[in-house]
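Notes to accompany the following structure.
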Amino acid sequence: MRNRLLLVVAIALLASCASGGASGTSGGDGAPTPVRSRSQNLITEAEIAEQVGITNAYDLISRVRPNYLRPGVAGMSGQSVLPVLRIDGGQALDVADLRNIDIRTVSEIRFHTANDAEVRFGGNLNRPVIAVTLKRSK
């Protein structure tokens with residue numbers, strides 16, 4: 001019985017090693033595998049860096065999280081509204097302004113539902129928010 005248990009454990013370990021490092025620790029060549037953001041509400045700097053041929057934040061979001069750009073439900077009113085843009089927590093801007101943001105300057109992009117945005121940013125916005133955090137100058 002004990003030998004059978006050891007055999008099962010050994011097979012499980014071998015199977016996990018053969019899967020190519022599913023934990024994100026190592027690829028087949030021994031180099032670290034990038035760990036992607038698992039949150040659907042966050043686009044990380046590492047995930048941004050992986051995008052090829054994209055220069056602005058609007059195109060980036062269109063590719064990796066297109067649902068951010070779809071109309072959302074506004075708080076308790078239940079109306080369908082487009083999200084607004086906030087850069088580094090500043091004033092609310094039109095989402096089209098994402099086209100003017102070079103992705104090389106972006107640290108992260110976070111999506112907030114209308115309810116979350118009201119708690120985070122205050123006021124009576126009643127709209128989803130795409131919050132862009134820019135990299136700090138050194």
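Just a few scattered comments:
- Count of residues meeting criterion [acidic (Asp, Glu) and either touching a strand residue (DSSP E or B) at 6+ places or on another chain (Cβ under 6 Å) or surrounded by 13 or more Cβ atoms within 10 Å (Cβ to Cβ) (or both)] in the range 92-138: 4
- Checked against the criteria, VAL8 does not count as modelled with pLDDT under 95 and under 28 Å from ILE130 (Cα atoms).
- For ARG65, the test of being among the charged types (D, E, K, R) and in contact (Cβ under 8 Å) with a residue 40 or more places away in the chain is passed.
- Pick from the range 60-91, criterion in a loop (DSSP other than H, G, I, E, B) and touching a helix residue (DSSP H, G or I) at 6+ places or on another chain (Cβ under 8 Å), ranking: least open to solvent (accessible area, probe 1.4 Å): PRO83
- Residue count, the range 115-138 (criterion: part of a loop (DSSP other than H, G, I, E, B) and without any contact (Cβ under 8 Å) to a residue 40 or more places away in the chain): 6
- When GLY53, GLY20, GLY24, GLY28 are screened for being modelled with pLDDT of 95 or more and exposed (fewer than 14 other Cβ atoms within 10 Å of the Cβ), only GLY53 passes.
The values are calculated or read from the model by the stated rules, or taken from the named source; none is laboratory data. For clarity, every value in this text was computed on a predicted model and none was experimentally measured. So basically every Cβ, Gly included, is an ideal-geometry build from the backbone, and we count neighbours across all protein chains shown. With ligands, DNA and RNA removed, areas are computed over all heavy atoms of the protein, side chains included. Shrake-Rupley method; radii C 1.70, N 1.55, O 1.52, S 1.80 Å.
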